[in-house]
Amino acid sequence: MLGEPGSLVGIGSPMTAVVLAHFLVGLTILAVGVRVSRLAVSSGVVVLLTAFIAMVALARRDEEIHETWTWIGDLGLTIDLRLDGFAVVMGLVVSGLGALILAYAAAYFDHDRTFNRFAGVFVLFAGAMTGLVLSADLFTMFVFWEMTSLFSFLLIGLDDRSEKARKSALRALLTTGMGGLALLGAVALFQVEAGTTSFAALAESPPAGAVVNAALVLVLLAAFTKSAQFPFHFWLPGAMAAPTPVSAYLHSATMVKAGIVLVARMAPIFGDREFWRWSIVVCGGLTMMIGGLRALKQNDIKLLLAFGTVSQLGFMMILFGLGTPSLTYAGVAHLVAHAIFKAGLFLGVGVVDHTFGSRDITVLSGVGRKMKWLAALAVANALSMAGVIPLLGFATKEKALVGLIDSDHYVGGLGNIALVVVVLGSVVTVMYTLRFISGTFGRRSDAVDSDVRHRPGWLLVGPVVLLAGLSIIGGLVPGVLGDLVRGPAKSLDAAAKGHLVLWPGVNAAFLTSLGILAGGAALWRATRRLEWNRTIPIDGERAYDVVYESVLSISRRVTAVSQTGSLVVYLVATMTVVLAALVVAIFWAGDLTVDGLVIADSWQQALIVIGVCAASIALVIVRHRFVSAAMLGVVGFGVAVLFALHGAPDLALTQLLVETLTLVVFLLVLRQMPRRFDPSPSWVPRVFRLVVSLAVGAAMTLFALQVFDARTGTSVGEEYAVLSEPEAGGRNIVNVILVDFRGFDTLGEITVLAIAAIGVMNLVRMAQRQRRIEAASADEVVA
Amino acid sequence: MNNWLAVPIVLPILAAGVLLVARDRAFQRTISMVVLGVNLAVAVVAMVHVARSDSIEVTAMGGWRSSIAITLVADRLSVMMLVIASAVLLMVLVFAIGQGASDERSPLYLPAYLVLVAGIAQAFLAGDLFNLFVAFELLLMSSYVLLTLEGINAQIRSGTTYVVLNVVESSILLVGIGLIFAATGTVNMAVLSQRLAELPDSVALGLNLLLLVAFGIKAAVFPLFFWLPDSYPTAPSSVTAVFAGLLTKVGVYAIIRTETLLFPGGQEQLLLVIGGATMLIGVLGAMSHTQMKRILSFHIISQIGYMIMGIGFGTVAGLAAAVFYLLHHIPVKTALFLVEGIIEKEAGSSSFDRMSGLIHRSGPLAVLFLIPALSLAGLPPFSGFLAKFALVREGFDEARYGVVIVAIVVSLFTLVSMTKIWTGLFWGDVDPKPAAGRVGILRHHRLMSMSTVLLVAVTLLIAALAGPLFDYCEAAARQLTEPARYVRAVIGP
Amino acid sequence: MIGKRLTVLDEADRWLFRALMLVSIYVMVRGHNAPGGGFAGGLIAGSAFVLRYLAGGILRVRRSSIVNPSRLIGLGLIVSAVVAAVPLLSGDPALSSDIAKISLPVIGTVKVVSSSLFDLGVYLLVVGAVLTVLVHLGSDPLGDGT
Amino acid sequence: MSLAYALLIGVLFATGSFLLMNRSLTRIILGVAMIGNGINVLIVTVSSRPGGAPIVGETDTTDSVPQALVLTAIVIGFALIAFMLALAWRNWTIDGNDIVEDDVEDRRVARRKDES
């Protein structure tokens, strides 16, 4: 695949090797089957860790690595991988978290039969995601983009016996699939307008114009669907039908960030457009608010986190979409922080679910007392999410606030709007964080404490410890991450700058942070007893269902009309099309004068034509089968005589003989049927059919006359006449044509006759066979 | 060795004759396999030769001057079609032998199949319009026989629809060709390429439309597609697979040939409208059904629309995309029907109402379905995606936004109906329960699986080798847009 | 079914059948130079069997056809296809024809064109096809096979 | 081509088309046969003027090629009609009539169209 002469995938092209290794291992796991789950896990983890190490090793080299494979050169389709700073960061998140979560999953699934399918697709997904973050070109990104959608579909539907899982999987696939097609359109438009889809080339000389703007709208559409932005946010909570490790990996840490990655890559090039910024702020802001508010209503803590993810995605979309230097920096930092704390939270929920058998706030009670360590770890991650000092989330969010406050220099008043939205969204974030903590780990006065069903093993708890540790240590020494992401941020936008600190000093951003925390806590206390049962009027999920169902309904309606199943309707439609074609041609000509027409070539001809016409009309009128057949015979013989008169004895002879045989076959078949035709009820009114057929007859005649008048070239027959005797040794030119000049036609034609005869034989034999079978089974019944 | 171009036509006919005399089953099978193998070999040699020398090869039957003889013409497009068709026909034959049903019951299956093979080859190679008509009759007549082979009620009923509408098609084609001869005095396509241009516009338009209607019925385009979804699903899967993969494509091929060689630059706008309507109506039909064979049948129509759209762009790149689409679609569609055949053989039905949870019984079968299905829906990295992308890009380049947007929406709908099959048949509870002690559907039907796997491998190969193949298609398209080359190759300067 | 036998036809059948068969062969052979040919010849032979059918029913038709009619089709196809294919072996285009002059006693010198052999195949095939259709649709297909 | 032929072609195509658009298969076949006759007449008369038989030595002969083409078409037409008649017969043995039934699955979908 993607061959470039002389280059082998391997040492020379490490990134390609890494991606392909994923696919290879994933497919092998799927192919090998059910019984080797331990092997599946270890090989999967090994490949992911290898990817991690390779990424680190490659990042330490000085030069940027670049690998290009031409697929279809003429269409500009190349697979173009580049390991720049941002790709490294994302790649490390993908492979690092992937290894961690796959190991966790081995314990989580226990001895589930679907585990093998999970592990295989999981590794495949990791490969696709790695490819996506390495993409240096929009087309390449699109290819991996669609793969991630597909693998996500397969993973959400892992529990395929559940109707809900199937539906959610489909919903996610079709929503992101729609975005994927938008991206396809964008790729094609960039190809046409700019001649390239490489990010670097686009940045070098950004194209402009209406078509490019259309392409950018498509890009945004793609990003919004993939990253679950309003109004496409609905598929993400549905995706929680997947097992928790899947949710933790695909639907919080990696795949849903694909849209963010896309925006991050495009914003430095095209982010200065007004419509771009406005749609980012409006959709991102709405997503942040709606996600947060809906998280407040959830009792299932996994769903609560899912809506929290939606909210956070909106937040990051704003950061990257506005794309000012400091926001880009903050965005990269927060992206990492979010991956860590959200994956940690999901895995923590998985442990709770595994241990207590429930994820319901109204059922769980006393979890914190029974599992103090776990609770502490989860709380650390949760507080990081809320942005509490001294956790990692605080430092990154702080940076974002600073960036937003300073952003009016770049984006004008829009920056202030964004700031307000983010602050409000963060207040809600604090609220649902508190709801999560108290609901999951607190004690309820009205319930007994939940029972521990299974003690979680170290494999389940380990990853949670690690991730919480990262949140805490990262918060205490934020400079490490801060330095780490500076290069990556610069690779997106050379102007990107910033650093992360533990104690920012008392400034506007810090005060805002404190305000957010205080406000969130106060509001949560004030509203915690309220029942949140007022639904938000805009429900994307319902809108999707309505659209989906109405598309299906429309398809049924259209098909009911187009595909009636009635042969008569089909025939009438077909003949009408023929008629239309002829009419167009006739009217195109305008004048219809034909020179050199005589009424008839001879009186015999005229007489026979009249006779044949009369027989034809009689044939239409009579309803008696034998009379019809006889009339057909009259027509056929009449035509034979006409041929004879025309100077075509061979034709006349053959027509005569064929007509005789046709008549015999007709009679052989008709003798078994009723004497008269059934009156034929039909979907199409008789008058209409009559009009169409008369028109067909007339149009055919008129067109034939036109052709007759237009005759230009000399017939090839003249050459045959010359060659016939000397070269082909025959004087009957027609016969010589048949067996020599055009003998090949004859070969085909006799083959047709042979197969037709065989078909008749087959039909009769099969009928006899069936009759025998029926008779035999009737005998059995009697016996 | 131009003269050997006749082999893929004459040899199967000869073999059909032999099989009618000698009815021993093992013998029949061996002969058929050998003949199809030879056909494939000849086709490959011809393709390599044509591609290497960048020439158009001609053989004149009977050794007469090519302007008066029936000619077989091998340009890039025809040999490519010949290669892919021979490969697919061979694999379906293996499948059918594995399936057992059809040929076990009827000693006439293989003769009819061989005639179909000859007809398809002749249609691709014909350099003579009347000979093309004969080729159509060959493949149609044998398809009638194959479609009604088991003679069961449903086949007779739907076979009737198929036969009647295709007879109408033959009649229209014959009228068109007869009138073309009447107007020009020849049916040699190279000579026609020159003489048709001299005709008055209205006559040329009428002749062009008549041929388009005839080939349109064959290709099942809007509004002439009705017969297809009603008739294909009732035939044995191996028969449907070949019909689905090849017969409509013969129609598309004929449209390409007439629109480039005989009436160049004629009906682009019309073709675009037809293409858009065809893809839409087909996919809507597919979404409304719940039986795999029906859904796939409607998708044939829908996909034809894409190819017609490519022809309608009227550019080299558009044609190249259409040709590539043709190339990719033949094995993909056939593979899907073969998968359906395995399911039907295993479960007795491929209807969602009666079957589900297949993934729990055979993961490999699921993969075997998924690859061509995703290719059909145009997802990367499969061949269908590349074909679709080439079309979309060319459409944007030509600023035909309307039809391209339809094409993109239709591909989403295609994904919808493919996932309907997936969630309906492969996911869910295992139903019906498999017979005791039987594991591995694929292992149980070895020959059927082998041919299906090979076909799927062909589709993957097309994706992997897309670069050189697309170059080839582009060269083929360039050849098509220069009818003078064709004329020169056949009748000399 | 055609009920009782018509004795006149029965009588006629005896000699008419043979006469028609001879005519059919004559028509085929002379086809190259005068109206006629393999098709017409085959169809005339087919008509002879139709006549026999009218006179004696399907059994007599079956009895009088020496070869199984569907094999006759195969035979005709083989003859024609072989004639078409043979020139390929010597590197000529398919269907290339040769003219040979053969002197025969009584008749004299006859020009034999290889394409006449092709016509023979056509003849056989047409006879076979007509017979096949007649035999299968002519018997009471769902009856006892008579 | 004479006006008589023009009339004949028109009548054959019109009656053929009318017979074709029918539910009774026998009448459809009659229609096909009529159209077949129409096509044969059309090809011969539009592309050649009446004259002597095209045999070497005859004078003022008519064009041989349309005759050869039509001969081929006649035989193919016979093959088609024979097969279609067998099909009609088979239809009749199944249903006791030769009406072409509507497609079952299509009607099912049409009935289902109003369901959500």
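Each reported figure results from applying straightforward, stated rules to the coordinates on display, with no laboratory input. Values in this document were obtained by computation on a predicted structure and should not be read as measured data. Cβ atoms come from the backbone with ideal geometry, glycine included; neighbour counts cover every protein chain shown.
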Just how many % of Cα pairs in the range B:2-491 lie over 31 Å apart, if you round to the nearest whole percent?
39
Mean other chain Cβ within 10 Å across A:720-730 is 6
The distance between the Cα centres of the range A:467-520 and the range A:412-434, in whole Å, is 17
Cα extents of the protein assembly as shown per principal axis, largest first, Å, are 126, 80, 60
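What percent does the relative contact order of chain A come to when contacts are Cα pairs within less than 8 Å and at least six residues apart? Walk me through the intermediate numbers first.
Working: 1067 pairs, mean separation 72.8, N = 783.
That works out to 9 percent.
Could you list B:171, C:90 so that the one with the fewest beta carbons within 10 Å of its beta carbon is first and the one with the most is last? The partial results should precede the final answer.
Values: B:171 24, C:90 8.
With the fewest neighbours first, B:171, C:90 line up as C:90, B:171.
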Measuring from label point to label point, each 7 Å out along Cα→Cβ, what is the residue A:501 to residue B:444 span in nm?
7.2
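Expressed as a rounded percentage, what relative contact order does chain B have, with Cα pairs under 8 Å and six or more residues apart? Intermediate results must be reported in sequence, preceding the final value.
On the way: 813 pairs, mean separation 82.0, N = 493.
In percent, rounded to a whole number, it is 17.
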Between A:243, A:79, A:739, whose Cα lies farthest towards the positive end of the dipole of chain A when Lys and Arg beta carbons carry +1 and Asp and Glu beta carbons carry -1, centred on the Cα centre?
A:243
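Within 10 Å of each Cβ in B:230-237, how many Cβ atoms from other chains are there, averaged over the peptide?
Working: counts 11, 1, 0, 2, 2, 0, 0, 0.
Partner-chain Cβ atoms within 10 Å, mean over residues of B:230-237: 2.
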Taking 7 Å along the Cα-to-C-beta vector as the label spot, tell me the residue A:688-residue B:464 distance in nanometres, rounded to one decimal.
5.4
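Hey, got a sec? Which trypsin sites (Lys or Arg not before Pro) in the range B:298-354 land in a DSSP loop and have at most 15 other Cβ atoms within 10 Å? Write down the numbers at each step before the final one.
Details: sites: B:333, B:345, B:354; in loops: B:354.
Answer by residue number: B:354.
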Tensor-based shape of the range B:282-433 (alpha-carbon gyration tensor, a/c under 1.5 rounded, otherwise prolate or oblate):
prolate
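FRET efficiency for residue A:74 and residue B:401, Cβ-Cβ distance as r, R0 = 25 Å, nearest 0.05? Intermediate values should be presented prior to the final figure.
Numbers: r = 22 Å, r/R0 = 0.89.
The computed FRET efficiency comes out at 0.65.
Magnitude of the Cβ-charge dipole of the protein assembly as shown, K/R +1 and D/E -1, about the Cα centre, nearest 20 debye? Show your work: numbers first, answer last.
Values: 106 positive and 99 negative charges, 930 e Å.
The calculated dipole for the protein assembly as shown is roughly 4460 debye.
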Separation in nanometres of the label points that stand 7 Å from Cα toward Cβ, at residue A:623 and residue C:30
5.0
Compute the signed sum of charges (Lys and Arg +1, Asp and Glu -1) over the other residues within less than 13 Å, Cβ to Cβ, of residue A:249.
+2
In whole Å, how far is the Cα centre of the range B:335-353 from that of the range B:229-265?
22
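Given R₀ = 51 Å, FRET efficiency for residue A:110-residue B:409 by Cβ-Cβ distance, to 0.05?
Details: r = 44 Å, r/R0 = 0.86.
Once rounded, the FRET efficiency stands at 0.70.
Restricting things to alpha carbons, find the Rg to Rh ratio for the range A:718-783 using the Kirkwood radius for Rh. Kindly include the intermediate steps, with their values, before the conclusion.
Values: Rg = 23.9 Å, Rh = 15.5 Å.
Computed over Cα atoms, the ratio is 1.54.
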State the answer as a single residue: which of D:79, D:14, D:40 lies farthest towards the positive end of the charge dipole of the range D:3-112, with beta carbon charges of +1 for Lys and Arg and -1 for Asp and Glu, about the Cα centre.
D:14
Calculated FRET value between residue B:197 and residue B:429, using beta carbons and R₀ = 56 Å, to 0.05:
0.30
Return the loop-located GluC sites (Glu not before Pro) in the range A:460-564 (DSSP other than H, G, I, E, B) with at most 11 other Cβ atoms within 10 Å of their own Cβ; answer none if there are none.
A:531
So, in Å, what gap is there between the alpha-carbon centers of the range B:1-47 and the range B:310-327?
31
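For D:62, B:315, what ranking results if the residue with the fewest other Cβ atoms within 10 Å of its Cβ goes first? Present the calculation step by step, with values, prior to reporting the outcome.
Working: D:62 20, B:315 16.
Fewest to most other Cβ atoms nearby, the residues stand as B:315, D:62.
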Helix axis angle, A:743-782 relative to chain A longest principal axis, alpha carbon, degrees
70
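For peptide B:403-416, compute the average count of partner chain beta-carbon atoms within 10 Å of each residue's beta-carbon.
Numbers: counts 0, 2, 1, 0, 1, 7, 3, 0, 4, 7, 4, 0, 9, 8.
Mean number of neighbouring Cβ atoms from other chains: 3.
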Against the longest principal axis of chain A, how steep is helix A:686-710, in degrees 0 to 90 to the nearest 10, with axes from Cα atoms?
70
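Are there trypsin sites (Lys or Arg not before Pro) in the range A:224-285 that DSSP puts in a loop and that have at most 15 other Cβ atoms within 10 Å, and which ones? Can you show the working numbers first?
On the way: sites: A:226, A:257, A:265, A:273, A:277; in loops: A:273.
Answer by residue number: A:273.
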Calculate how steeply helix A:508-527 sits against the longest principal axis of the alpha-carbon atoms of chain A, using the helix alpha-carbon long axis, and give the answer as 0 to 90 degrees to the nearest 10.
80
Compactness check, chain A: C-alpha Rg relative to the 2.2 N^0.38 Å globular estimate gives 1.38
Most packed first (mean Cβ within 10 Å per residue), the peptides A:461-468, B:459-466, A:769-776 order as A:461-468, B:459-466, A:769-776
Let me make sure I get this right: for the range A:437-537, a, b and c are the square roots of the gyration tensor eigenvalues over alpha carbons, sorted descending. Under 1.5 in a/c it's rounded, otherwise prolate if a/b > b/c, else oblate. Which is it?
oblate
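I need B:423, B:481 ordered by Cβ neighbour count within 10 Å, fewest first. Before the final figure, lay out each step's value.
Values: B:423 22, B:481 18.
Ordered by Cβ neighbours within 10 Å, fewest first: B:481, B:423.
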